[in-house]
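Peer 1: For reference, the structure I am asking about is given below.
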Amino acid sequence: MVGATSMWGISGTVAKILFNQQVNPLHLVTIRITLSFLVLLAYLALWKPHLLRVKNAIFSTWPYWGSAELR
């Protein structure tokens, strides 16, 4: 919990510095989301790979997902 709190504070400070240097906010958000995704993916791949596996049963329901929106 302390690590997450520290990272939150550091990211806010870094964002403010970058905004003062005229970095586009949309670019900064894109970079932050991409880095967060990559860190989470690496964590899951190394320590909890079973959470990345998709069960075969879910593939049989795919055709219904699109047709549900048409009703």
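The values are calculated or read from the model by the stated rules, or taken from the named source; none is laboratory data. Computed from a predicted model, the values in this text were never measured in an experiment. We place every Cβ from the backbone using ideal geometry, glycine too, and count neighbours over all the protein chains shown. To get the accessible areas, we keep the full protein, side chains included, count just its heavy atoms, and leave off ligands, DNA and RNA. Shrake-Rupley method; radii C 1.70, N 1.55, O 1.52, S 1.80 Å.
Peer 1: Cβ-Cβ distance below 6 Å, separation of 6 or more or different chains: which pairs start in the stretch 4-28 with a residue that is more than 22 Å from residue 40 (Cα to Cα) and end on one that is assigned to a helix (DSSP H, G or I)?
Peer 2: 18/28
Peer 1: Is it the case that residue 33 is of a type outside the set (D, E, K, R), over 16 Å from the mean Cα position of the chain (by Cα) and either assigned to a helix (DSSP H, G or I) or modelled with pLDDT of 85 or more (or both)? Show your work before the answer.
Peer 2: Details: of a type outside the set (D, E, K, R): yes; over 16 Å from the mean Cα position of the chain (by Cα): no; either assigned to a helix (DSSP H, G or I) or modelled with pLDDT of 85 or more (or both): yes.
Against the criterion (of a type outside the set (D, E, K, R), over 16 Å from the mean Cα position of the chain (by Cα) and either assigned to a helix (DSSP H, G or I) or modelled with pLDDT of 85 or more (or both)), residue 33 does not qualify.
Peer 1: Search the stretch 1-12 for residues being within 18 Å of residue 36 (Cβ to Cβ) and open to solvent by 80 Å² or more (accessible area, probe 1.4 Å), and hand back the single one that is modelled with the lowest pLDDT. I'd like the intermediate steps shown before the answer.
Peer 2: Filtering the stretch 1-12 down to residues within 18 Å of residue 36 (Cβ to Cβ) leaves 1, 3-12.
The next check asks that each one be open to solvent by 80 Å² or more (accessible area, probe 1.4 Å); those that pass are 1, 5, 7-8, 10.
Numbers: 1: 76, 5: 90, 7: 84, 8: 85, 10: 90.
Selected residue: 1.
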